[in-house]
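Enquirer: Just passing along the structure, written as structure tokens.
The values are calculated or read from the model by the stated rules, or taken from the named source; none is laboratory data. Keep in mind that what you see is a predicted model, and the values were worked out from it rather than measured. Here Cβ is always computed from backbone atoms with ideal geometry, including for glycine, and neighbour counts include all displayed protein chains. Keep in mind that these areas ignore ligands, DNA and RNA; they rest on the heavy atoms of the full protein, side chains included. Shrake-Rupley method; radii C 1.70, N 1.55, O 1.52, S 1.80 Å.
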Amino acid sequence: MSSAPIYPILMACRINFSLRCPSSETPRFGSTCRLQNPSSSLLLNLAPASSSSSNPKKISYSATRRRSSVAVKSQMATEEKLASGNRMLVFVPPHPLIKHWVSVLRNEQTPCPIFRNAMAELGRLLLYEASRDWLPTVTGEIQSPMGVASVEFVDPREPISVVPILRAGLALVEHASSILPATKTYHLGFSRDEETLLPTVYLNKLPDNFPEGSRVFLVDPMLATGGTIVAALDLLKECGLDNKQIKVISAVAAPPALQKLSEKFPGLHVYTGIIDPTVNEKGFIIPGLGDAGDRSFGT
């Protein structure tokens, strides 16, 4: 049996359910997972329980209108408790559309135009999930056709920065402007040595310094060995950002990359469509979806 990762893998859900699992194993969703009320979000820590008891633990969740109330009787933890620690968090949103587009991307028979569209749709959904409770807003009152209404807008004076890693990152952020009302886009280009698997920067369009309080989405579809994403994060930190100002968006992630990120960037948040089990000797995620750049652009 493979050992569980040291970084917490979290399910950013909108569900209310009761989950039963043995304390000696990593929790798994089973037939006892019942979707009921899509009204609030919660996080599941999938680290294994430390107790050696063979009795199953019952973890009950009850949703409220704005925030989940979570009773924890194992290694599960509330969002507040996890956020208070200086740990990297990995979010795998269990939305059926995310699973659908990941499945389209996996299919080797998917043609280039459909593959690129699927990558863009997946990116739209992941950005939506990652931007929850993260966008600066302004409140006020406006006149509707029927009366005065209290309103809340995303603040256009504080645009979110989006940094796609070329080439494949361009496809994943293609619909970013349809999700985020105000964005600035900066580009990073890396090439990878096919023998050493080490990245080399060939394009850097980052600003010298990001304004104080900036929020940045760093987008790389494939988190495989972790070399490229680590190099990109190092460049962002040189521009004045700390780990908690950055969220990583990826289509597929693998343990080697997540392990490196966890060790080097505590407090970082990673949003991914799925986590695959391994990387082969050529640095490709298995089963993965192949070369995301080649399949997106038909080369």
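Enquirer: If you take the residues of the range 189-199 that are part of a strand (DSSP E or B) and either within 22 Å of T278 (Cβ to Cβ) or modelled with pLDDT of 85 or more (or both), which of them is least open to solvent (accessible area, probe 1.4 Å)?
Expert: G189
Enquirer: How many residues does the range 200-213 contain that are assigned to a loop (DSSP other than H, G, I, E, B) and either within 29 Å of E281 (Cβ to Cβ) or not charged (D, E, K, R) (or both)?
Expert: 6
Enquirer: Given the condition hydroxyl-bearing (S, T, Y) and free of Cβ contacts under 8 Å to residues at least 24 places away in the same chain, answer yes or no: does some residue in the range 201-217 qualify?
Expert: yes
Enquirer: Looking at (1) free of Cβ contacts under 8 Å to residues at least 60 places away in the same chain; (2) more than 20 Å from L268 (Cβ to Cβ); (3) of a type in the set (D, E, K, R), which is the only condition D242 fails?
Expert: (2)
Enquirer: Can you find, within the range 107-116, the residue that is nearest to M222 (Cα to Cα) among those that are open to solvent by less than 70 Å² (accessible area, probe 1.4 Å) and part of a helix (DSSP H, G or I)?
Expert: F115
Enquirer: Hey, S191 hits all of (1) free of Cβ contacts under 8 Å to residues at least 12 places away in the same chain; (2) more than 21 Å from R295 (Cα to Cα) but one; which does it fall short on?
Expert: Status for S191: all satisfied but (2).
Enquirer: Looking only at the range 214-242, which residues are charged (D, E, K, R) and either assigned to a helix (DSSP H, G or I) or closer than 19 Å to Y202 by Cα (or both)?
Expert: D220, D234, K237, E238
Enquirer: Could you go through the range 152-167 and let me know if any residue there is in a loop (DSSP other than H, G, I, E, B), within 25 Å of L289 (Cα to Cα), out of contact with any Gly (no Cβ under 8 Å at 6 or more places or on another chain) and not hydroxyl-bearing (S, T, Y).
Expert: no
Let's see how each residue does on (1) more than 21 Å from S296 (Cα to Cα); (2) of a type outside the set (S, T, N, Q); (3) at pLDDT below 90:
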position: N204; (1), (2), (3): yes, no, no
position: P211; (1), (2), (3): yes, yes, yes
position: L218; (1), (2), (3): no, yes, no
position: D234; (1), (2), (3): yes, yes, no
position: N243; (1), (2), (3): yes, no, no
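Enquirer: Do you know which of the residues in the range 262-297 that are closer than 28 Å to R215 by Cα and of a type in the set (F, W, Y) is modelled with the lowest pLDDT?
Expert: The selected residue is F265.
Enquirer: Any idea which residue in the range 268-299 is nearest to L197 (Cα to Cα), counting only those that are small (G, A, S) and open to solvent by 30 Å² or more (accessible area, probe 1.4 Å)?
Expert: Looking at the filtered set, the residue picked out is G290.
Enquirer: If only one of R132, R124 is among the basic types (K, R), in a helix (DSSP H, G or I) and out of contact with any Pro (no Cβ under 6 Å at 6 or more places or on another chain), which one is it?
Expert: None of the others qualify; the one that does is R124.
Enquirer: Please go through the range 200-251 and pick out each residue that is of a type in the set (F, W, Y), open to solvent by less than 60 Å² (accessible area, probe 1.4 Å) and over 30 Å from P94 (Cβ atoms).
Expert: Within the range 200-251, F210 is the sole residue that qualifies.
Residue-by-condition table, conditions (1) open to solvent by less than 70 Å² (accessible area, probe 1.4 Å); (2) at pLDDT 90 or above; (3) under 20 Å from T272 (Cβ atoms):
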{"site": "L125", "(1), (2), (3)": "yes, yes, yes"}
{"site": "P136", "(1), (2), (3)": "yes, no, no"}
{"site": "G147", "(1), (2), (3)": "yes, yes, no"}
{"site": "L172", "(1), (2), (3)": "yes, yes, yes"}
{"site": "P181", "(1), (2), (3)": "no, no, no"}
{"site": "K184", "(1), (2), (3)": "no, no, no"}
